[in-house]
Amino acid sequence: MEKKEIPFISRLFLPSIFDLIVVLVFVIMFMAHQTMKDFDMWWHLRTGQVLLQGIFPTTDIFSFTAYGKPWILHEWGSEVIFYLLNKTFGAGSIMLLRALLAAFSLGMVFKIMMRKRIDIFVALFLTIITLFATSKIWGERPHLFTVLFLTFLIYLYNEYKYYNNNKVLLVLPVLFIVWINLHGGYVIGFIYLGACIAAETFNNFFQFNKDDVFPQSRINRLIGITALSFLCTFINPNTYRGVLYPLLYVGDKMPDFHKIIQEWMVSSWENSKDFVLVFLFVISMLSLSSIKPKLDELALILVFGYFAFSAQRHVPLFVIVVLPIIAPQVQGTMAHFFDSFFQVAPHKGKQTIQKIINYFKDRSDNFVCLEEKLSIHGTLVVFIAIVSFFVLSGKLDKPLGIGIDKTVYPYEVVDYLKTKKLNGNMFNQYRWGGYLIWELPDNKVFIDGRLDIFQKKGMDEYYKVMGLQNGWEEVLKKYNINYILVDKEQTISKFLLRVSNDWFLEKEDKKALLFSRK
């Protein structure tokens, strides 16, 4: 019997599972995080403001410790977007953008699995795991664009390899032009493509997996478009410096991120239980399933697994890349489990369970077919439009408490400093540097989140003062520091408050202490 074509009006407004996932994740993300908590957002906003004033800094302009040192604005596009949104609509617009980027990223993970004809319930299960395992990455920062673009890249690669869709390759140069102008994480895309190309070339030459040999002509086409995409990354205001930016994090001049920055620390059970559990899940599925991963999939698991173990910030990338890869293994293992269960289950209960499984299987097959036809996403567009109207109009600010999280910033002290002309420079806590750049534009900071500028020397001086290490007072004298703004719980706070005779407490609030030199 021939299936009836779905009327256009139904395809326009009937939501797909993709639509529902995007809506659900958006609601979760938006309701769970309604205040700006990311400490780096503030210097991003100030940078966006400077850029829109017609100035494109190539050296530091915000600090007195690194003033004039080379500064590569690898996130300039994101910073302009953030500033325009915040200026025009307020903090709620940034929360809206954050939730939308997260929602579409998770939606794309689901879509990748559905395109592989994975059982819808398996795809939903793995998407939920992805949601929880990537929870640490969804702060309001430019790297959200890298996460979204990575999901696009995975989808495009799969379309090219498995569905012979050559046209999708034309999107890659454009994708990378946009990517490099929004975030320096564009290099992740080339690592992904490089791993796939290397694995496919190796397999084509040695016939490691004869059932999955990618024709050399198609590999060459992928190599060519990847090379063109790389050349296109030079289309950015920083030209070659923007392309080479990721290399700044390698070398003796940079601080040891693995020891001082939480997100750069090596992943372990103590700090990344979610990742360890996901990794064990991946290994168990690959071990139990009779479906062996293809060589390019194995290469991606190894490469992104290495990155995930080397730094916590890379864990979400591993999850997003790897879970769709092992979806067939998960589906096969679950099917094998139920087959084994039916062999030993009592006859009476077996029939009931079999009916339930068949019911969901039939529904899953129908959903897969329906999902492919519901590609207009009219309901999703309407939902986003309505929510955007209420958020951008400010109607939800008070009911939802949208704004700044005053519990993590020296809010009252900064208000006090706005009325005071500083006689000398101020030492500040690292995480508050961006906030001070935004709130006190006439004053330069000691340090902020731009570690590529301050490098190892700047971080060493910072920790020398914070830890009252030998020579800490010389650092203060070197930079003519007459004010110190730090958290109440820091060692230096207690020392200056109780022991030192050279400093007095000028102002305090619930979070911070401001000391002045006597």
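Here are the numbers:
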item: Cβ-Cβ under 8 Å pairs, at least 6 apart or on other chains, the stretch 437-466 side on the phi < 0 side of the Ramachandran plot and among the acidic types (Asp, Glu), far side surrounded by fewer than 19 Cβ atoms within 10 Å (Cβ to Cβ) and not in a loop (DSSP other than H, G, I, E, B); result: 439/418; 452/248; 452/249; 461/475
item: Those residues of the stretch 361-401 which are at pLDDT below 75 and among the basic types (Lys, Arg), in sequence order; result: 361, 363, 373
item: Residue within the stretch 43-62 that is free of Cβ contacts under 8 Å to residues at least 12 places away in the same chain, touching a Gly at 6+ places or on another chain (Cβ under 9 Å) and part of a loop (DSSP other than H, G, I, E, B) present; result: yes
item: Tabulated pairs, the stretch 397-411, first in a helix (DSSP H, G or I), second surrounded by fewer than 17 Cβ atoms within 10 Å (Cβ to Cβ) and among the β-branched types (Val, Ile, Thr), C-beta under 8 angstrom, 6+ apart or interchain; result: 411/404
item: Condition broken by residue 214, with the remaining ones in (1) under 28 Å from residue 291 (Cα atoms); (2) part of a helix (DSSP H, G or I) satisfied; result: (2)
item: Residue match in the stretch 105-119 (condition: crowded, with 23+ Cβ neighbours inside 10 Å, under 13 Å from the mean Cα position of the chain (by Cα) and assigned to a helix (DSSP H, G or I)); result: yes
item: Residue tally, condition surrounded by fewer than 20 Cβ atoms within 10 Å (Cβ to Cβ) and polar (S, T, N, Q), over the stretch 488-498; result: 2
item: Positions within the stretch 63-95 being without any contact (Cβ under 8 Å) to a residue 60 or more places away in the chain and part of a loop (DSSP other than H, G, I, E, B), in sequence order; result: 68
item: Enumeration of residues in the stretch 69-118 that are farther than 30 Å from residue 447 by Cβ and not hydrophobic (A, V, I, L, M, F, W, C); result: 88, 105, 107, 111, 115, 116, 117
item: Subset of the stretch 120-161 [modelled with pLDDT of 95 or more, of a type in the set (S, T, N, Q) and within 15 Å of residue 107 (Cβ to Cβ)]; result: 127, 130, 151
item: All positions within the stretch 431-462 that are in a helix (DSSP H, G or I) and of a type in the set (A, V, I, L, M); result: 436, 437, 451, 453, 459
item: Filter result for the condition that a residue is more than 19 Å from the chain's Cα centre (by Cα), at pLDDT 90 or above and farther than 18 Å from residue 391 by Cβ, over 70, 15, 7; result: 70
item: Complete set of residues in the stretch 467-505 that are more than 30 Å from residue 250 (Cα to Cα) and free of Cβ contacts under 8 Å to residues at least 12 places away in the same chain; result: 473, 477, 489, 494, 498, 499, 500, 505
item: Considering residues of the stretch 488-511 that are charged (D, E, K, R) and outside any loop (DSSP other than H, G, I, E, B) only, the residue farthest from residue 426 (Cα to Cα); result: 498
item: Selected residue [part of a strand (DSSP E or B), surrounded by 14 or more Cβ atoms within 10 Å (Cβ to Cβ) and in contact with a Pro (Cβ under 7 Å, 6 or more places away or on another chain)] from 514, 485; result: 485
item: Matching option when the condition is closer than 18 Å to residue 44 by Cα and among the hydroxyl-bearing types (Ser, Thr, Tyr), among 435, 411; result: 435
item: Within the stretch 219-229, considering residues that are surrounded by fewer than 17 Cβ atoms within 10 Å (Cβ to Cβ) and touching a residue at least 24 places away in the same chain (Cβ under 8 Å), the one nearest to residue 296 (Cα to Cα); result: 223
item: Residue that is over 30 Å from residue 58 (Cα atoms) and not basic (Lys, Arg), where the choices are 380, 451, 422, 436; result: 380
item: Qualifying position, being at pLDDT 95 or above, within 20 Å of residue 142 (Cα to Cα) and hydroxyl-bearing (Ser, Thr, Tyr), among 105, 63; result: 105
item: Residue 411 vs. criteria of a type in the set (Ser, Thr, Tyr), over 31 Å from the mean Cα position of the chain (by Cα) and closer than 20 Å to residue 516 by Cα; result: no
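So that you can scan it fast, the table gives a plain yes or no per residue for (1) in contact (Cβ under 8 Å) with a residue 60 or more places away in the chain; (2) part of a helix (DSSP H, G or I); (3) touching a strand residue (DSSP E or B) at 6+ places or on another chain (Cβ under 7 Å):
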{"site": "140", "(1), (2), (3)": "yes, no, yes"}
{"site": "144", "(1), (2), (3)": "no, yes, no"}
{"site": "152", "(1), (2), (3)": "no, yes, no"}
{"site": "170", "(1), (2), (3)": "no, yes, no"}
{"site": "173", "(1), (2), (3)": "no, yes, no"}
{"site": "177", "(1), (2), (3)": "no, yes, no"}
{"site": "187", "(1), (2), (3)": "no, yes, no"}
{"site": "192", "(1), (2), (3)": "yes, yes, no"}
{"site": "195", "(1), (2), (3)": "yes, yes, no"}
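The values are calculated or read from the model by the stated rules, or taken from the named source; none is laboratory data. Keep in mind the model is a prediction, meaning the values are calculated, not measured. With ideal geometry, Cβ positions are generated from the backbone for all residues, glycine too; neighbour counts draw on all protein chains shown.
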